[in-house]
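Quick note: the coordinates plus some simple rules give every number you see, no bench work behind them. In this text the structure is predicted, and so the values were computed from the model without any measurement. As a convention, Cβ positions derive from the backbone with ideal geometry for all residues, glycine included, and neighbour counts pool all protein chains shown.
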Amino acid sequence: MAKEPVSGRDIVVVGGSAGSLGPLKTLLSRLPKDLPAALLVVVHIPNDGRSVLPEILASAGALPAGHPSDGEPIEPGRVYVAPSDHHMLVEDEHIKVTRGPRENRHRPAIDPLFRTAARSCRKRVVGVILSGLLDDGAAGLMAVRMRGGLAVVQDPAEAIYPEMPARAIQYSGADCILKVNDIANLIVSLSRKKAPEESTIAREGMPEESKRDKADLEASPAEEKEGTPSTFACPECHGVLWEVREGELLRFRCRVGHAYTADALRLAMSEATEDALWASMRSLEEKAALLRRMAPRSAPRLANAYKEDAEACDRHVESIRAILIENQENRLTGDNYAG
């Protein structure tokens with residue numbers, strides 16, 4: 001059961017990706033040490049080592065920052081940073097740290113934090129989306145609004161990478177679109193005012209995944225009632241993807257729990273295609289090399305057949321190489337689509 005608010009909007013969830021470090025440091029530099037709210041931060045970071053983001057953020061302002069431990073209670077005046085290769089979730093005034101399925105090709109991802117905070121803390125939540133690419137966070141921000149929380153988005157005109165804020169505004173709407181300095185002032189003000197008794201945002205259509213009793217994604221496979229089967233396979237586990245529509249936002253989730261927006265799925269499929277093409281090219285090159293080694297050791301008629309087969313492999317390799325180059329160019333273009 002979600003607890004009744006004891007103060008103002010004292011749970012601030014922040015999501016960012018490319019270009020969000022500067023805004024995060026600016027945000028924290030303007031927050032007072034006695035802030036009666038906790039900040040929970042997810043930034044898309046590589047999964048190949050320990051993140052130094054807590055140290056960077058702690059040095060930026062007066063609030064202490066660190067990676068939470070699983071089950072740690074949420075306390076005001078602290079900044080909790082999702083650790084590398086783990087989702088950070090909220091459940092009953094505590095933080096859960098889990099290596100659940102990736103969402104939108106990321107772990108940590110923004111949507112799971114926003115979604116679980118919205119369910120657990122409802123109108124006490126302020127969701128903040130900063131600079132980044134693609135649209136992770138849009139569905140989570142929608143969940144925040146549907147539970148009575150406040151949706152705040154960095155002004156895309158200020159963001160280094162405006163796509164993530166623009167997509168959040170497009171798909172979820174925003175209660176406030178502000179520059180980072182103004183976001184900090186708003187957080188301070190909201191944390192010191194009592195949260196509203198009722199929200200004007202309708203609760204109907206709340207995503208089913210936001211209504212689950214448990215926040216642990218490792219124990220929350222997708223259910224059939226959450227959407228309709230699509231014709232697509234999950235790029236990670238190859239299971240059937242279920243299609244979920246949330247307003248204008250089209251999303252997909254497999255039974256295991258891997259989740260994608262349409263744009264994230266597009267990029268994941270492009271990567272899977274590229275991996276398959278590289279494997280095919282390598283296999284053909286190895287086959288051609290083997291045939292050329294076999295030819296001198298074979299009868300003339302068979303040697304000629306081996307050489308012709310090797311030349312055919314070479315032609316296929318060149319065709320695949322051309323496709324890979326074109327695919328990489330398309331990905332570079334796709335990564336910069338405007339929201």
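Under 5 Å between amide H atoms, partner at least 5 residues away or on a different chain: which partners does residue 81 have, H built in plane at 1.01 Å?
41, 66, 67
Under 8 Å for C-alpha pairs, at least 6 residues apart: give me the relative contact order for segment 11-191, rounded to a whole percent.
The normalised contact order for segment 11-191 reaches 23 percent.
In the set (1) 24.0, 90; (2) 18.0, 54; (3) 23.1, 75, which value of Rg and Dmax of the Cα atoms in Å was calculated from the structure you see?
Checking each listed value against the structure points to (1).
On a 0 to 90° scale, report how tilted helix 163-172 is relative to the longest principal axis of the chain, with both axes built from alpha carbons and the result rounded to the nearest 10.
The angle comes out at about 60 degrees.
Under 1.5 on a/c is rounded, so check that first for segment 15-142, then, if it is not, pick prolate when a/b is larger than b/c and oblate when it is not; a ≥ b ≥ c are the square roots of the alpha carbon gyration tensor eigenvalues.
On the way: a/c = 1.30, a/b = 1.11, b/c = 1.17.
Since a/c stays below 1.5, the shape of segment 15-142 is classed as rounded.
Quick one: of 25/123; 123/194; 25/193; 33/193; 33/96, which pairs are farther than 21 Å apart, Cα to Cα? Intermediate results must be reported in sequence, preceding the final value.
Working: 25/123 26 Å; 123/194 10 Å; 25/193 24 Å; 33/193 17 Å; 33/96 25 Å.
Over 21 Å apart, Cα to Cα: 25/123; 25/193; 33/96.
Modelled label-to-label distance, residue 157 and residue 56, 7 Å Cα→beta-carbon offset: nm?
It works out to 2.7 nm between the two label points.
What whole-number volume per residue, in cubic angstrom, does the convex hull of the C-alpha atoms of segment 290-330 give?
So the per-residue hull volume is 42 Å³.
Hey, can you rank 37-43, 10-16, 293-299, 53-59 by average C-beta count inside 10 Å, highest first?
For the peptides 37-43, 10-16, 293-299, 53-59, the packing ranking is 10-16, 37-43, 53-59, 293-299.
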